[in-house]
Amino acid sequence: MNECLLCGQVFIPRFSFVRTFSIEINDERLCLQCLKKFERLGKDRCPFCDKNMEKVEICSDCRFWQKIYGNNLMKNHSIYRYNRQFHDLMVSYKRYGDYCLHRVLEELSSEHLKNLNFDYYVPIPTSPDHQQKRQFDTITAIYEKIVPLSFFLKKREHTGAQGEKNKQERLATPQGFIVDANQLSEKDISETSILLLDDIYTNGRTLYHARDKLLEIFPNAKIESFAICR
């Protein structure tokens, strides 16, 4: 019997043949009623960012990036739509620093993320001032038990949270990442593949900035992104 981290209800973990014969401990923290409130993306999506569309076509955000990057658009992988349930979860997790909720986000993303095979998994870093305020890195906490993380990026201080800006302010945000040279190795990285990890894909500004910075060090790398919701 487990206790749901969102509603407090005690529930029986969902049966899975794989989990039954797995050495991993069943650690579900979402009851079925709460899980159903998270809306999965439909089949008709933007082919680049996974935004839900009425038909398969490039969304307005990716058309904007097309003006800047031409055909070199980044593929993003997402699972859920940003609905009220996800909004409330992220407010509690990021604004109020409820650390235990990283286990909910881990559960929502784990199965899908494990099917994406890359050489490196790079989390979008939290700014130093926000990390000091919360006392934890919100993105690292979600993904560190799912995939091996490589901390190639750092965020400059006083860059401001994207969630506090409107769309135009987000798009106008200057480059806020730097490469942490201490994390780089002598290994041949010319043809490597990298998956950037974030929680929410809003319009792509943060992830494209991160890709731009990594391409300075990994010019021939295949770089894609993963965000739990779009």
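Residues in region 38-74 that are in contact with a Phe, Trp or Tyr (Cβ under 6 Å, 6 or more places away or on another chain) and free of Cβ contacts under 8 Å to residues at least 40 places away in the same chain: LEU73 only.
Checking the condition in the same structural domain as TYR201 (by TED's automatic domain parsing) and in a loop (DSSP other than H, G, I, E, B), which residue from LYS154, LYS145, LYS133 passes?
Working: LYS154 fails: in a loop (DSSP other than H, G, I, E, B); LYS133 fails: in a loop (DSSP other than H, G, I, E, B).
One residue alone meets the criteria, LYS145.
Test GLU57 against the stated conditions and say whether it is of a type in the set (D, E, K, R), over 14 Å from the mean Cα position of the chain (by Cα) and in the same structural domain as ASP212 (by TED's automatic domain parsing). The answer is yes for GLU57. What residue, among those in region 69-92 that are over 26 Å from PHE118 (Cα atoms) and aliphatic (A, V, I, L, M), is surrounded by the most Cβ atoms within 10 Å (Cβ to Cβ)? By that ranking, first place goes to LEU89.
Checking ARG40, ARG14, ARG19, ARG29 one by one, the residue that is modelled with pLDDT under 90 and under 25 Å from ASN83 (Cα atoms) is ARG14 and no other.
The values are calculated or read from the model by the stated rules, or taken from the named source; none is laboratory data. Bear in mind that the values here come from a model prediction, so they are computed numbers and not experimental data. Positions of Cβ are backbone-derived with ideal geometry, glycine not excepted, and every protein chain shown enters the neighbour counts.
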